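For reference, the structure is listed below as structure tokens.
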């Protein structure tokens, strides 16, 4: 297989848009049908929305309403209520962000126990990663208060790619944020092994204060400025897209986009701090810099695949829903370039061999999990699907 896109997410554009490259893949109303794995499919994709604009994420409200919030790269957040896509966006911050290359609106998380507060990760007009807190309007839960923005953190991005961008509240109640290595080729800015640079890291913040944030006291570099930045939880990530916590065990799964040869899946305990995921020493389970490949102390991926099978991993979730019993306890992930969806057993032993579930040929940008544990995927050309049991 040739790589359909040489760098992760929306990077090779035909005449300035992906539509020229993928016209045959673009869904249209009335023409969608489920994609099935063969020869014995256990899952299918049921279309829910088809008129989105470059969707790259889907998250639940966590307020019991069942609503899903869909991120569009250009700055809008749409609400799916039942099977209905609300016409008016929950929020649109297109005037505040840069959408160059991999930039845009990249992350959204609602604060557990505080449905009136949510957090965004976006690239601002200077191209830098921005973590901001917003509030929901008191008179309408389907609208955000645009004037309520409080910027909590800004991280300089030297390039327009490898931003990471995912946000998620962990089972510990803290906000987790993934950042890539700053872009360029081969960790050009030497972020991967730098414990003082926020790039190439997984960050962990206590955002419970009404204003600002605190550093969790069990962060590995808390109180030791010489060792590293206090909000860093782990290092050595090239471009984490995405990560999730198993809702049953609390264990952490991270998909990290590779460079030229390998895509990787990491699986660790959620309380395992100060981990080093290896970039740029390793790519997948393999030495990236063979002249200085000292792997002692590095996290070894539990699963990987080469660029003969894809080129940009998209992390998913451990399935804990009820609609597809055959998927119970399986971690699902996909590939943006090929549209393939794989699974591995969450309780399996490494190294794990991914099993192909679906070969969709969609431009998969994200997996989402609703409050009941059912899973969804977004397709860059404008669609949202729910995973269902094959008929």
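A few notes on this one:
- Boolean, residue 163 is in contact with a strand residue (DSSP E or B) (Cβ under 8 Å, 6 or more places away or on another chain), part of a loop (DSSP other than H, G, I, E, B) and surrounded by fewer than 22 Cβ atoms within 10 Å (Cβ to Cβ): no
- Segment 104-121, residues that are within 15 Å of residue 167 (Cα to Cα) and not in a strand (DSSP E or B): 104, 112
- Yes/no for residue 273 being touching a residue at least 12 places away in the same chain (Cβ under 8 Å), surrounded by fewer than 22 Cβ atoms within 10 Å (Cβ to Cβ) and under 21 Å from residue 168 (Cα atoms): yes
- Test: residue in segment 209-221 that is closer than 24 Å to residue 341 by Cα and either surrounded by 20 or more Cβ atoms within 10 Å (Cβ to Cβ) or modelled with pLDDT of 95 or more (or both): no
- Selected residue [out of contact with any helix residue (DSSP H, G or I) (no Cβ under 8 Å at 6 or more places or on another chain), surrounded by fewer than 22 Cβ atoms within 10 Å (Cβ to Cβ), farther than 20 Å from residue 164 by Cα and modelled with pLDDT under 95] from 329, 348: 348
- Considering only residues in segment 122-140 that are touching a strand residue (DSSP E or B) at 6+ places or on another chain (Cβ under 8 Å) and not in a strand (DSSP E or B), the one that is surrounded by the fewest Cβ atoms within 10 Å (Cβ to Cβ) turns out to be 138.
- Residue match in segment 310-320 (condition: surrounded by fewer than 24 Cβ atoms within 10 Å (Cβ to Cβ), at pLDDT 95 or above, out of contact with any strand residue (DSSP E or B) (no Cβ under 6 Å at 6 or more places or on another chain) and within 30 Å of residue 63 (Cβ to Cβ)): yes
- With respect to the conditions (1) on the phi < 0 side of the Ramachandran plot; (2) out of contact with any strand residue (DSSP E or B) (no Cβ under 6 Å at 6 or more places or on another chain), residue 334 lacks only one, and its number is (2).
This table checks each residue for (1) in contact with a strand residue (DSSP E or B) (Cβ under 7 Å, 6 or more places away or on another chain); (2) under 28 Å from residue 188 (Cα atoms); (3) crowded, with 19+ Cβ neighbours inside 10 Å; (4) at pLDDT below 95.
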position	(1), (2), (3), (4)
107	yes, yes, yes, no
110	yes, no, yes, no
120	yes, yes, yes, no
142	yes, no, no, no
147	no, no, no, no
156	no, yes, no, no
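The rows are residues; the columns are (1) modelled with pLDDT of 95 or more; (2) closer than 24 Å to residue 250 by Cβ.
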{"site": "353", "(1), (2)": "no, no"}
{"site": "366", "(1), (2)": "yes, yes"}
{"site": "370", "(1), (2)": "yes, yes"}
{"site": "384", "(1), (2)": "yes, no"}
{"site": "388", "(1), (2)": "yes, no"}
{"site": "391", "(1), (2)": "no, no"}
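- Evaluating residue 298 against the criteria (1) under 18 Å from residue 263 (Cβ atoms); (2) buried (at least 20 other Cβ atoms within 10 Å of the Cβ); (3) in contact with a strand residue (DSSP E or B) (Cβ under 7 Å, 6 or more places away or on another chain); (4) at pLDDT 95 or above leaves one unmet condition, (2).
- Selection within segment 263-292 - at pLDDT 95 or above, under 20 Å from the mean Cα position of the chain (by Cα) and at negative phi: 263, 264, 265, 266, 267, 275, 276, 277, 279, 283
The values are calculated or read from the model by the stated rules, or taken from the named source; none is laboratory data. Because the structure is a prediction, the values reported are computed rather than measured. For neighbour counting, all protein chains shown are included, and Cβ atoms are generated from backbone atoms with ideal geometry for every residue, glycine included.
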